[in-house]
1. List the residues, sorted by chain then number, that are 5 or more residues from N93 or on another chain and whose placed amide H is less than 5 Å from its amide H.
2. What pairs in K87/K231; K168/K198; K46/K152; K15/K231; K89/K161; K56/K189 have C-alpha atoms more than 28 Å from each other?
3. Work out how much length H74 to R36 would gain on full extension: take 0.36 nm times their residue separation and subtract the Cα-Cα distance, in nm to one decimal.
4. Any idea of the accessible area per residue across the range 1-132, 1.4 Å probe, to the nearest Å²?
5. Counting just the Cα atoms, what span does the range 77-177 cover along each of its three principal axes? Round to the nearest Å and put the largest first.
6. If you stretched the chain out fully between L13 and R176, how much longer would it get, using 0.36 nm times the residue separation minus the C-alpha to C-alpha distance?
7. Output ³J(HN,Hα) for the range 207-216: one whole-Hz value per residue in order, computed from phi by the Karplus curve 6.51 cos²θ - 1.76 cosθ + 1.60 with θ = phi - 60°, and x for Gly and Pro.
8. Could you state, as a whole-number percent, how many of the C-alpha pairs of the range 145-234 are farther apart than 19 Å?
Amino acid sequence: ELASSHLALLDSLAKLTNSEYIKGKVSKTAAEYTKRNWQTGEGPDKGNVFNLQVAKYWTYYLDNTADPLQAILHLYDTGVQDVFQNKTKDYANETYPTITRATLGAIYQVALQTITGVIRHETYGVTKDKDSLLRTLTHTTDILLRAVNPLKTWRNRTILKAVLKYSKPILDHFLRHGMPLLDDCFRRKNLECLNIIKTLQVSTRYMHVICNSTKLDRGDIALANYVPLLKKSLESTVYRVEAMLAANNCADAFWMGNLKNRDLEGEEILSQSVVDNGDGGEEEEDDEPDAEGVEEEEEEEMDGEEGEDGPDSVKYDD
């Protein structure tokens, strides 16, 4: 708690003086705290109180660093993915000992909330720097992929809540500002735009799985309440991308597919209606993105060769 109080004092000074120098000191000090092994005589610190302190360290660091999105990318690449890949319960990342399975939920909350705050100021406009906005959009979709993809192997309720809660404002911003930007940049940077769509598609596909699984879990109403609005944003994203590709003569690269309901482990599950009726009928299929085989096909299409359907095309199913 002394460390977080120290950071709070520095942060207050930075805001009062509006000093970039002090902001840099806050960021550097917070980064040092995230890399410290908080070992006590009884072993490593843990529990809700410690998780809250870790969340504060990362919040002060990301709020005061010069490039928050790049810092979050580094956080996921260097620390978060390593913890997901290691199945040991008490494993801590070597670079950032504050990143463990116990603290991942708090870190997800801070990272995704920071993204929503950063992109809120990155709005599309005819006078804006489109290359800078495109870099921000690329970073955002890359982070979303790194946040969602590891959940196929392990997750907890706190992580799922953060993903369900903050994915919607990220997707909504993509619809309001990212898609007009892609419309504008598609003809001169079509490969870069297609890569953004491809990356987002992989993330949204598993978001559909999370939504379907959460919806069928009647024991967690709090999580289920996030599902309807997020599903609406996911569907709007799919149709908006379809419209953009059609406008750029890539409509033939886009088609609709059905994805069977699956749980978080990837196992097929009965739809809600079948479970309720108990009639043993066919399981319902949602109109969700079916990305089976998409990556290989997209990579072939994105290697710079023109196909029959246009220069570079992408499959983005719903």
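1. Answer set, sorted by chain and number: I99.
2. K87/K231; K15/K231; K56/K189
3. Difference between extended and current length: 12.0 nm.
4. The answer is 55 Å² per residue.
5. Ordered largest first, the range 77-177 gives principal extents of 50, 25, 20 Å.
6. Extending this stretch completely gives an extra 55.1 nm.
7. Values, residue by residue: 4, 4, 5, 4, 4, 5, 5, 5, 4, 7 Hz.
8. In whole percent, the share of Cα-Cα pairs in the range 145-234 beyond 19 Å is 43.
The values are calculated or read from the model by the stated rules, or taken from the named source; none is laboratory data. Remember, predicted model here, so these are calculated numbers, not experimental data. FYI the Cβ positions are ideal-geometry reconstructions off the backbone, even for glycines, and counts take in every protein chain you see. For accessibility, only protein heavy atoms count, side chains too; no ligands or nucleic acids. Shrake-Rupley method; radii C 1.70, N 1.55, O 1.52, S 1.80 Å.
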